[in-house]
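Below is one structure; the comments refer to it alone.
Each value in this text was obtained by applying a stated rule to the coordinates, not by laboratory testing. Nothing here was measured: the structure is a model prediction, and the numbers come from that model. Methodologically, a virtual Cβ is constructed for each residue, glycine included, from the backbone with ideal geometry; neighbour enumeration extends over all protein chains shown.
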Amino acid sequence: MNKQELLTNGRCKKKADRETVWPVVIMNFTGVYAHEVFARNNQFIWLDCRHLSGTRGYCDKEGIRKLKRVIAGYPAEGIHFIDSGNYHYLTKLWTDKLRVPFSLIVFDHHPDMQPPLFKGMLSCGSWVKDMLDWNMLCKKVVIVGASDKLIRTVPEEYGQRVSFYSEATLAHEKGWRNFSSAYIEGPVYLSIDKDVLNPASAVTDWDQGSFSLQELEELLAIVLRKERVVGIDICGECSATLTLFEERREATVDSRANKELLKLIQSFSCFL
């Protein structure tokens, strides 16, 4: 499927038919977005989080309170860039704003369902488990692209509410339609960690999957055509490296991925 087919093949209206436009929010923790060309848009909303302590990887109660204040004036209905995978737990804070039952679809090489090392801490490795434990409006979680090894570590008691979907199956619309009718409840919130991509398509702080950027776009296009999406976030930026050359290369690769994903998402109006 070529890029034009991705943008036009389906039942969604084109963005010219929209009455409203979702905000694009940049949550700046590491400063990496300043090096990414895609983010140089004066219509984007920048939230400066660089001064917040206790938020990298693990987020303590005070950090959670501060972050809730930062995002208080913005809705879940938006496209949120939330920096590196160390801040993926922000999906929980954004979805806590939803007031209707929903399903969460996560594109991630990791299930993010490990118990936190410290009690009462929200972490980038435990946030999906925390959502299932505490957000009663989250009815189902679908994780796309996680490694088989990590899937086997998911506690059995979550089996009724968590499903894993393979790249090969999702690539067919009929397969997704059958899967959706069986497992998806209500509208969906999409969370994309670019570590689901191969290293040629994105550079992240974590071990990565095998999806190409085009494959991920094809999967997203299917979901955007078939589901009512009530919010989206994207993470997986790479922290600054020791060499200027590597830093520029990483920013270029990640900026391209973010630009392409944003272009695809904004070509649909079915998630408005």
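Would you kindly give the portion of the calculated P(r) for region 22-266 that falls above 21 Å, as a percent of all Cα pairs? Before the final figure, lay out the partial values.
On the way: 16330 of 29890 pairs.
Summing the P(r) tail past 21 Å for region 22-266 gives 55 percent.
Equivalent ellipsoid semi-axes for region 178-219, as square roots of 5 times the alpha carbon gyration tensor eigenvalues: give them largest first, rounded to whole Å.
On the way: eigenvalues 128, 27, 14 Å².
They are 25, 12, 8 Å, listed from largest to smallest.
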Any trypsin sites (Lys or Arg not before Pro) in region 104-157 that lie in a DSSP loop and have at most 16 other Cβ atoms within 10 Å would be K119, R152
Residue by residue, what Karplus-based ³J(HN,Hα) values in Hz, rounded to whole numbers, does region 64-75 have, using 6.51, -1.76 and 1.60 with θ = phi - 60° and x for Gly and Pro? 4, 4, 5, 5, 4, 5, 4, 9, 4, x, 10, x
Rank-order 38-51, 98-111, 185-198 by packing density, defined as the average count of other C-beta atoms within 10 Å over each peptide's residues, highest first. 185-198, 98-111, 38-51
Past 31 Å, Cα to Cα: identify those pairs from K119/K259; K68/K149; K68/K194; K149/K263; K61/K139, in the order given. K119/K259; K68/K149; K149/K263
Out of all DSSP beta bridges with both ends in region 22-266, state the antiparallel percent to the nearest 5. 5
Per-residue Cβ contact counts at 10 Å, fewest first, order E62, E217 as E62, E217
